[in-house]
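Quick notes on the structure that follows.
The values are calculated or read from the model by the stated rules, or taken from the named source; none is laboratory data. Everything quoted here is computed from the prediction, not taken from an experiment. So basically every Cβ, Gly included, is an ideal-geometry build from the backbone, and we count neighbours across all protein chains shown. Surface accessibility is based on the protein's heavy atoms, side chains included, excluding ligands, DNA and RNA. Shrake-Rupley method; radii C 1.70, N 1.55, O 1.52, S 1.80 Å.
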Amino acid sequence: MSGNDGSGVRRGSAKTRREFLTSAAAVTAAGGMASLLPLGCEQPKSKMGQGALAPMLDDVSGSRSLRAHGAARGLLVGCAVNPDHLDGEPEYARTVAEQASIVVPENAMKWAALRPNPTQYDFRRADDVVVFALSHEQKVRGHNLCWHEAIPAWFAGTVTKENAAQYLTQHIQTVAGRYAGKLHSWDVVNEAIELKDGRPDGLRNSPWLELMGPSYIELAFRTAREADGTALLTYNDYGIELDTQEQIDKRGQVMMLVRRMQARGVPIDAVGIQSHLSAGDAPGAGLIHFIRELRAMNLQVFITEMDVNDRKLPEPVAERDAGVAKTYRDYLTPVLAEPNVTAALTWGITDRYTWLNGLPHASRADGKPERPLPFDYDYNPTPAFFAERDAIDGRTAQALPGANPYAPFHPTQPQRPQFE
Ligand code: XIL
């Protein structure tokens with residue numbers, strides 16, 4: 001870890017990770033691997049305060065889980081996770097372990113989380129996610145190496161036109177290098193297109209663009225490939241899901257960006273479609289055409305951050321849940337039927353921690369908490385859970401040429417990875 005004097009930080013974190021592993025093992029022992037049990041033999045979910053029958057009726061564990069249904073159809077299924085809850089809330093950890101075959105840290109691998117100051121890295125929470133995932137036979141997405149948000153406060157006065165390429169390169173070498181060989185994929189560049197910024201190439205006026213010009217994208221991908229030869233390198237963006245004119249135009253700019261990259265031999269393996277939707281949204285033919293075009297370019301597609309806000313729906317929970325579930329079904333059924341769509345993740349697992357309820361200008365007018373995810377506040381599966389699972393079931397697994405994303409998970413790393 002050259003240029004990283006954060007060894008004190010990492011030494012200090014060892015105890016935390018050991019304690020954490022102990023709790024992760026307890027989760028496994030408590031039924032996290034119930035997916036190995038044959039249908040009908042799953043342990044019923046035990047939940048405080050429920051009638052005796054209720055856990056049986058809504059049993060979504062083991063072979064009824066999202067991860068089991070995904071495995072049967074060659075699809076990785078999962079969610080964004082927060083290491084604080086993985087460590088501190090057994091029901092959260094149990095649900096993630098049971099439902100996900102792939103996880104992504106919601107915030108813990110962003111610059112602002114990893115970079116307390118210009119010279120040190122704090123990997124403790126990011127490591128916690130990787131350790132949890134590997135001990136539950138889950139894959140991990142890295143998110144993200146280069147974004148216009150989650151930039152630490154010290155950045156503005158420190159990173160300049162003269163040294164920006166060096167900062168970006170060192171960050172990617174250090175972060176992608178640390179997890180090399182352990183990650184399924186990296187969101188190398190996140191949200192680089194913004195049509196409102198008015199450039200012919202559609203690129204966003206991000207700090208990276210202002211400091212380095214468009215070449216930052218190529219530098220980020222090439223450096224990521226050098227640092228980690230196995231993670232699938234991904235360009236990730238939002239607002240490209242629907243067939244509104246605005247989203248058609250943005251999707252076109254994403255396609256042109258990816259085409260330019262391929263023409264220049266820039267290593268890219270996948271496109272991430274975030275999929276932050278509103279109830280009532282449905283994909284048009286354009287999205288499916290886009291996914292097929294990417295397939296012809298030998299690129300995989302990941303649904304990276306799905307959730308469905310219920311802002312436009314009336315207050316009664318049953319109506320909101322039905323509207324959200326319909327949107328999950330209408331969106332995921334055609335999308336997951338595409339064979340190069342190889343992973344689908346929601347942005348969180350439980351409504352208890354959805355980022356949507358923390359957004360100041362984008363919440364419900366009546367102030368009610370939103371219900372955008374497959375599990376509700378109390379970890380009961382929502383109608384969206386069943387819509388997602390049905391959409392997975394509608395898929396036919398097919399092998400892709402090259403790297404086989406359908407291969408069963410065979411841990412090649414020790415249970416507790418050695419990051420040092
Ligand atoms: C969000 C997190 O969910 C929030 O907790 C955080 O405050 C801001 O970022 N697109 C992305 C994600 O790529 O990283 C964002 O995550 C949501 C939008």
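Modelled label-to-label distance, T230 and H289, 7 Å Cα→beta-carbon offset: nm?
Placing both labels 7 Å beyond Cα along the Cβ direction yields 3.9 nm.
By DSSP, what percent of the beta bridges with both residues in the stretch 263-397 are antiparallel, rounded to the nearest 5?
Antiparallel bridges: around 10 percent, rounded to the nearest 5.
Hey, any idea what % of the stretch 77-201's accessible area is carbon plus sulfur with a 1.4 Å probe?
47
Roughly how far apart, in whole Å, are the Cα centres of the stretch 86-135 and the stretch 334-349?
A separation of 21 Å, based on Cα centres.
With every protein chain kept in the model, how would you rank H276, H136 by accessible area, 1.4 Å probe, largest at the top?
The most accessible residue leads, giving H276, H136.
Using alpha carbon coordinates only, what is the Rg to Rh ratio of the stretch 209-320, with Rh defined as the Kirkwood radius?
With Rg and the Kirkwood Rh in hand, the quotient comes to 1.06.
Assuming 0.36 nm per residue, please report the length gained on full extension of the stretch Q166 to S215 beyond their Cα-Cα distance.
Length gained between Q166 and S215: 16.3 nm.
In nm, give the distance between the simple-model label positions of R260 and D84, each being 7 Å from the Cα along the Cα-to-Cβ direction.
Taking the two extended label points, one gets 3.9 nm.
Once Rh is set to the Kirkwood radius over Cα pairs, what Stokes-Einstein translational diffusion coefficient, in µm²/s, holds for the stretch 66-224 at a temperature of 25 °C and a viscosity of 0.890 mPa s?
Translational D for this selection: 146 µm²/s.
What number comes out for accessible area per residue over the stretch 130-170 if the probe is 1.4 Å? Units Å², please.
I get 37 Å² per residue for this part.
Roughly how many debye, to the nearest 20, is the charge dipole of the stretch 217-289 about its Cα centre, given +1 on each Lys and Arg Cβ, -1 on each Asp and Glu Cβ, and no other charges?
Roughly 320 debye for the stretch 217-289.
Over what distance in Å are the Cα centres of the stretch 220-244 and the stretch 153-216 separated?
One Cα centre to the other: 12 Å.
Express in nm, to one decimal, how much length is gained between A156 and S363 on full extension, taking 0.36 nm for each residue of separation and deducting their alpha carbon distance.
Separation in residues times 0.36 nm, less the Cα-Cα distance, equals 71.5 nm.
Over the stretch 291-346, average the accessible area per residue using a 1.4 Å probe and give it in Å², no decimals.
Value returned for the stretch 291-346: 33 Å² of accessible area per residue.
Any idea how far apart V317 and E246 come out in nm if each label point goes 7 Å out from Cα toward Cβ?
Result: 3.2 nm between the two label points.
If you take the charge dipole of the stretch 299-368 about its Cα centre, with +1 on Lys and Arg Cβ and -1 on Asp and Glu Cβ, which of L356, T327, I303 is farthest toward its positive end?
Among L356, T327, I303, the one farthest towards the positive end of the dipole of the stretch 299-368 is L356.
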